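Data block below; observations after.
The values are calculated or read from the model by the stated rules, or taken from the named source; none is laboratory data. Model, not experiment: these values are computed from the prediction. Here the Cβ positions follow ideal geometry from the backbone for every residue, glycine too, while neighbour counts run over all protein chains shown. Side chains included, ligands, DNA and RNA excluded: accessible areas come from the protein's heavy atoms. Shrake-Rupley method; radii C 1.70, N 1.55, O 1.52, S 1.80 Å.
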Amino acid sequence: MFTKKTNFKAMKADDVVAAYRKNVLIFWICHGLTAVILVGVAVALLMQKITLFNAALSAFFLVVLNYLLYVGRTYQYHMLNQIMNQYCDPVKAEKVFQKLHDSKVKKNHSLINIARAQCYQGKFAEALDTLQNVSRPKPDSILVFLYYNVMALCYEGLGQMDMVIDVRERAKKVMNGLKENSPNLRNGQQLLTIIDGILTFHEGSFTRSREIYEELFENSSFPLSRMTVLCKLAKMEQMTGSTRSAIDHCEYILESGGTTFYVKEAKEILALCKPKKKTAEQKEDAQDGTEPDQAEN
């Protein structure tokens with residue numbers, strides 16, 4: 001069974017899918033066994049071998065057990081997100097969720113996860129095309145703000161800030177329609193904070209943007225979310241001259257960024273922070289007190 005201790009990094013995509021199917025099959029077998037037991041309880045009641053109270057108690061227990069088995073099946077699918085969140089491997093995640101989608105496993109949810117994996121590989125246009133095939137989640141669905149989050153990141157990656165603003169307005173509209181006690185409000189607020197960070201960064205409001213991303217970093221639970229924040233902070237620090245901090249952030253991304261596009265961006269930032277080493281000829285000219293073009297003349 002998949003647990004928090006499962007090491008997805010050591011597993012190939014095909015092995016992950018095979019293990020998931022085996023785990024789900026075990027849960028379905030358990031569902032079937034509870035149905036057989038329920039029939040046995042009904043027969044025992046008809047034959048007056050147990051009392052009505054005991055039969056009702058047994059039925060209640062089996063209903064609770066079936067619900068727990070359902071939660072277990074859902075949890076197995078949820079744990080697949082660790083491939084992205086914990087191990088920062090959108091390449092493997094795309095393969096896994098594509099296979100599940102092809103097998104008609106949670107088709108809409110799998111499509112969103114495919115788009116998310118494509119987005120974190122830097123395939124922004126492809127991810128948006130995938131989202132076009134997604135049935136937009138209902139306002140009270142836990143998927144709705146994930147859907148808009150992926151969309152906003154893709155539009156940012158393509159440099160379409162007007163569309164990022166449009167996504168913010170659409171997400172805000174969904175939030176306004178939720179009840180005050182809806183647990184989804186927190187997800188919506190976090191999405192608005194992420195989008196505000198994107199917009200203030202591209203507006204050049206680095207002080208406000210830094211405040212937002214530092215807040216997001218404090219609330220980040222997984223390495224992937226930390227990569228997102230650190231990449232933005234590294235860009236700001238490089239642009240404002242804090243190269244030492246930028247280098248530290250980039251080195252962390254290179255170590256933990258997996259197959260995300262943040263690794264490529266970190267390399268580009270590092271190249272701007274670290275001056276190129278002088279060639280032997282340039283060093284000799286510097287010692288002679290002449291510039292390379294002067295030496296040629």
Study note, to complete from the structure: Result of the Cβ filter at 9 Å on region 251-273, keeping first residues that are on the phi > 0 side of the Ramachandran plot and partners that are open to solvent by 30 Å² or more (accessible area, probe 1.4 Å), at least 6 apart or interchain, is Gly258/Lys9; Gly258/Tyr87; Gly258/Asp89; Gly258/Val91
Review point. In region 84-120, which residues are in contact with a Leu (Cβ under 6 Å, 6 or more places away or on another chain) and either small (Gly, Ala, Ser) or not in a helix (DSSP H, G or I) (or both)?
Key: Cys88, Ser110, Ala115
Check your understanding: Could you count how many residues in region 2-27 are at pLDDT 95 or above and open to solvent by 90 Å² or more (accessible area, probe 1.4 Å)?
Key -> 5
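Rundown of residues vs (1) more than 13 Å from the chain's Cα centre (by Cα); (2) more than 18 Å from Val150 (Cα to Cα); (3) of a type in the set (A, V, I, L, M), yes/no style:
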{"position": "Leu68", "(1), (2), (3)": "yes, yes, yes"}
{"position": "Ile83", "(1), (2), (3)": "no, no, yes"}
{"position": "Val91", "(1), (2), (3)": "no, no, yes"}
{"position": "Glu94", "(1), (2), (3)": "no, no, no"}
{"position": "Leu100", "(1), (2), (3)": "yes, yes, yes"}
**Study point:** Top-ranked residue in region 145-194 [being closer than 19 Å to Ala115 by Cα and of a type in the set (Ser, Thr, Tyr); ranked as nearest to the chain's Cα centre (by Cα)]
**Key:** Tyr147
Check your understanding: Can you pull out the residues in region 66-89 that are open to solvent by 30 Å² or more (accessible area, probe 1.4 Å) and hydrophobic (A, V, I, L, M, F, W, C)?
Key -> Leu68, Val71
Exercise for review: Answer yes or no: is there a residue in region 125-132 that is of a type outside the set (Phe, Trp, Tyr) and over 22 Å from Val144 (Cα atoms).
Suggested key: no
Exercise for review: Within region 250-259, work out how many residues are surrounded by 18 or more Cβ atoms within 10 Å (Cβ to Cβ) and farther than 16 Å from Phe222 by Cα.
Suggested key: 1
**Study point:** Subset of region 176-190 that is open to solvent by less than 30 Å² (accessible area, probe 1.4 Å) and assigned to a helix (DSSP H, G or I) - its residue that is nearest to Tyr155 (Cα to Cα)
**Key:** Gly188
Check your understanding: Of the residues that make up region 235-247, is at least one within 20 Å of the chain's Cα centre (by Cα) and within 29 Å of Asn81 (Cα to Cα)?
Key -> no
Review point. In region 12-33, is there at least one residue being closer than 26 Å to Arg226 by Cβ and in a helix (DSSP H, G or I)?
Key: yes
Study note, to complete from the structure: The lone condition Ser135 fails out of (1) under 20 Å from Val16 (Cβ atoms); (2) not in a helix (DSSP H, G or I) is (1)
**Study point:** Qualifying residue in region 191-211 (condition: on the phi < 0 side of the Ramachandran plot, without any contact (Cβ under 8 Å) to a residue 60 or more places away in the chain, among the basic types (Lys, Arg) and open to solvent by 40 Å² or more (accessible area, probe 1.4 Å))
**Key:** yes
Revision key, fill the gap. Result of the Cβ filter at 6 Å on region 93-117, keeping first residues that are farther than 14 Å from Ala13 by Cβ and partners that are of a type in the set (Phe, Trp, Tyr) and not in a helix (DSSP H, G or I), at least 6 apart or interchain, is none
Study note, to complete from the structure: Scanning region 49-58 for residues that are assigned to a helix (DSSP H, G or I) and open to solvent by 30 Å² or more (accessible area, probe 1.4 Å), the one farthest from Arg226 (Cα to Cα) turns out to be Leu52
Point to revise | Residues of region 232-262 classified as touching an Asp or Glu at 6+ places or on another chain (Cβ under 9 Å) and closer than 17 Å to Asn149 by Cα, total | key: 1
